[in-house]
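Below is one structure, written out as structure tokens; the observations come after it.
Computed from the coordinates by the stated procedures, all read-outs in this text should not be read as laboratory data. This is a predicted model, so every value here is computed, not measured. Please note: Cβ atoms are built from the backbone with ideal geometry, for glycine as well, and neighbour counts cover all protein chains shown.
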Amino acid sequence: MELFLNEQDVVDSVCVYAAYRDRTEPQYVEADLRYDENLGISAAARAEGSVERHLNEHDVVDAIAEYLQEYHNFIAANLLVELLYNPEKGIHASVMVQTGVY
């Protein structure tokens, strides 16, 4: 099975990831996604009253896997996340769900 996450889904994933690490709620986190031709995809997240957290591409992939596990009951280890950038769609993701893997 393949899932497609739009840019808002990726932002939500980053917010959940940062909120967990900053011990707050996702609604109190602001996140910005970034794309650089040479550096790839990254993100910055800031919870109220805390320091800005920088996420590299691998962190964003982990954020998506954790988000899908926490909110949609997928097993994070069974997800293959590919981050994509398109000038029209922005930053989005394709997620392959491996079945039969335990």
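Values as computed for the structure displayed
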quantity: Positive minus negative residues near HIS72 (Lys, Arg vs Asp, Glu; Cβ under 13 Å); calculated: -4
quantity: Ranking of GLU52, GLU70, GLU37 by count of other Cβ atoms within 10 Å, fewest first; calculated: GLU37, GLU52, GLU70
quantity: Ranked LEU39, LEU33, criterion: other C-beta atoms within 10 Å, fewest first; calculated: LEU39, LEU33
quantity: Relative contact order (percent, whole number), the chain, Cα cutoff 8 Å, 6+ residue spacing; calculated: 31 percent
quantity: Distance cut-off 21 Å, percentage of C-alpha pairs in the chain lying past it; calculated: 31 percent
quantity: Value at 222 nm in deg cm²/dmol, rounded to 500, when DSSP H runs of n ≥ 4 in the chain each add -39,500 (n - 2.57); calculated: -10500 deg cm²/dmol
quantity: Residue-span extension gain [SER94 to ASP32] - 0.36 nm each, minus C-alpha spacing; calculated: 20.4 nm
quantity: Residue with peak Gaussian network fluctuation, the chain [Cα springs, cutoff 10 Å], from VAL51, VAL29, VAL14; calculated: VAL51
